[in-house]
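The next block holds one structure in the form of structure tokens; read it before the comments.
The values are calculated or read from the model by the stated rules, or taken from the named source; none is laboratory data. Model, not experiment: these values are computed from the prediction. Backbone-built Cβ (ideal geometry, glycine too); neighbour counts: all protein chains shown.
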């Protein structure tokens, strides 16, 4: 029976897929976030409404007070006129009554917000009382005007002008008794009726009706606030429920993720560090990874156990080493080939200034690019610290352009594709053609490399008899 740990992947069909789990998390997170946003929106909206209701109540209360304020302005003006006889107070009275219209504006504002309501009706009664009281005030002004005329304080033309300007005062017909009074009596009566029991009682009724309106506004505020507060509590409860659901969801997802993803990864890391096959467990993708790794592990394990691999390959870069080149020298002969010696320009400076770890990364990066641009059958050797050799079989001098293009491409890729903060690296290459790898061929390639160095590095030079 096969060990489950080493089963091919196609036989593994169990395990939650990380992709599906991620999709579920994403959808649930978005859904919960939307619900939470809705709850926050409703809470914010209700809070805004609560503020608006409070502000509106202040405005309504101020509006209701203006009814009383307007009535007091009229009373103050008519009393001042009755006391001083200054006609400016009559102008002030009618400016308030017909132009500023504080009372009318207050009533209209309340009617707009509370039409056909007890609130409006209470303020309307105050308005009616104030309008009725104006008849007394017109009568007082008529008495005072007559007193001023009789006393010689104003002329007949001035009297006529006043009565013509303010027909409401002109329409106030004096009673027989009041008409018979002398100037002093008329003036005294004009003042007295503004302080008698009837006048004060009417003023009190205006105040009471205005207070009734304000009290009803308080009740309206309480009703509206209660409704808004109830909505706020419901929104708050909704938010708590969503948050609790989110917490539970996170706990469940955390447990599933831990069991299906993190625990298998942690277990796999410890197994990998001990150089053993990975256990096949957890999510679908991790099972795929484990089986793939195990297949690679078995292949690499056999390769690493090969003495030939250890003795003929460079440990750092993974390419063939000098020993492998020596072995190749003993077996070649008769076949056309090109021998390339490659030197990394200014490598010592890189090691000295940036450290050997960076130097090692440079070596590995160079090898990766050589592998990319060389043919699969070309053999790459590391024959010194920063010196490499490449043997290209089946080529001769007619392949110079192709070889040069490869090296140019490698140098270009080392420049264009270098990692961030990686040192600039270029290669100098010497090439010799022959049909056997021996010291003579190697020396020719080395001479060509030397010539390349003298010519300015970063390129390729082919050996010729003139070199």
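Based on what the data block shows, is residue 145 modelled with pLDDT under 90, touching a helix residue (DSSP H, G or I) at 6+ places or on another chain (Cβ under 8 Å) and part of a helix (DSSP H, G or I)?
It is false that residue 145 is modelled with pLDDT under 90, touching a helix residue (DSSP H, G or I) at 6+ places or on another chain (Cβ under 8 Å) and part of a helix (DSSP H, G or I).
Go through (1) modelled with pLDDT under 90; (2) under 25 Å from residue 128 (Cβ atoms) one by one and return the number of the condition residue 77 breaks.
All conditions are met except number (1).
Being buried (at least 20 other Cβ atoms within 10 Å of the Cβ), assigned by TED's automatic domain parsing to the domain that holds residue 85, at negative phi and in contact (Cβ under 8 Å) with a residue 12 or more places away in the chain narrows it down to one of 148, 163, so name that one.
148
Could you please give the count of residues in the range 418-442 that are assigned to a helix (DSSP H, G or I) and surrounded by 13 or more Cβ atoms within 10 Å (Cβ to Cβ)?
The number of residues fulfilling the criteria is 2.
I need the full set of residues from the range 97-118 which are crowded, with 16+ Cβ neighbours inside 10 Å and over 14 Å from residue 63 (Cβ atoms), in order please.
Listed by number, the list holds a single entry, 97.
Report whether or not residue 388 is in contact with a strand residue (DSSP E or B) (Cβ under 6 Å, 6 or more places away or on another chain), under 18 Å from residue 346 (Cβ atoms) and touching a residue at least 24 places away in the same chain (Cβ under 8 Å).
When the stated conditions are applied, residue 388 passes them.
Looking at the range 404-417, is at least one residue assigned by TED's automatic domain parsing to the domain that holds residue 376, in a loop (DSSP other than H, G, I, E, B) and within 26 Å of residue 348 (Cα to Cα)?
Yes, that holds for at least one residue.
Any residue in the range 216-229 that is surrounded by 15 or more Cβ atoms within 10 Å (Cβ to Cβ), in contact (Cβ under 8 Å) with a residue 12 or more places away in the chain and not in a helix (DSSP H, G or I)?
no
I'm trying to understand the selection: among the residues of the range 169-197, which are touching a residue at least 40 places away in the same chain (Cβ under 8 Å), in a helix (DSSP H, G or I) and under 12 Å from residue 137 (Cα atoms)?
Of everything in the range 169-197, those that are touching a residue at least 40 places away in the same chain (Cβ under 8 Å), in a helix (DSSP H, G or I) and under 12 Å from residue 137 (Cα atoms) turn out to be 169, 189, 190, 191.
Among what's in the range 81-102 and is out of contact with any helix residue (DSSP H, G or I) (no Cβ under 6 Å at 6 or more places or on another chain) and touching a residue at least 40 places away in the same chain (Cβ under 8 Å), pick the residue that is nearest to residue 132 (Cα to Cα).
Checked the range 81-102; the qualifying residue nearest to residue 132 (Cα to Cα) is 94.
Any residue at all in the range 392-401 that is farther than 20 Å from residue 441 by Cβ and in contact with a strand residue (DSSP E or B) (Cβ under 7 Å, 6 or more places away or on another chain)?
Among the residues of the range 392-401, not one is farther than 20 Å from residue 441 by Cβ and in contact with a strand residue (DSSP E or B) (Cβ under 7 Å, 6 or more places away or on another chain), which makes the answer no.
Just for helices (runs of 4 or more DSSP H) wholly inside the range 279-380: which have at least 2 residues that are in contact with a strand residue (DSSP E or B) (Cβ under 7 Å, 6 or more places away or on another chain)?
322-331, 356-373
Kindly list the number of the only condition in (1) more than 60 Å from the chain's Cα centre (by Cα); (2) surrounded by 19 or more Cβ atoms within 10 Å (Cβ to Cβ); (3) free of Cβ contacts under 8 Å to residues at least 60 places away in the same chain that fails for residue 78.
(3)
What about residue 126, is it within 58 Å of the chain's Cα centre (by Cα), crowded, with 23+ Cβ neighbours inside 10 Å, at pLDDT below 90 and under 22 Å from residue 218 (Cβ atoms)?
Answer is no for this residue.
Restricting attention to the range 447-458, does a residue exist that is touching a helix residue (DSSP H, G or I) at 6+ places or on another chain (Cβ under 9 Å) and either over 22 Å from residue 372 (Cβ atoms) or touching a residue at least 40 places away in the same chain (Cβ under 8 Å) (or both)?
Yes, the range 447-458 contains at least one residue that is touching a helix residue (DSSP H, G or I) at 6+ places or on another chain (Cβ under 9 Å) and either over 22 Å from residue 372 (Cβ atoms) or touching a residue at least 40 places away in the same chain (Cβ under 8 Å) (or both).
Report yes if residue 250 is closer than 30 Å to residue 36 by Cα, surrounded by 14 or more Cβ atoms within 10 Å (Cβ to Cβ) and free of Cβ contacts under 8 Å to residues at least 12 places away in the same chain, otherwise no.
Criteria met by residue 250.
Just the residues that are farther than 22 Å from residue 186 by Cα and either touching a residue at least 24 places away in the same chain (Cβ under 8 Å) or buried (at least 22 other Cβ atoms within 10 Å of the Cβ) (or both), please, taken from the range 60-75.
60, 61, 63, 64, 65, 66, 67, 68, 69, 70, 71, 73
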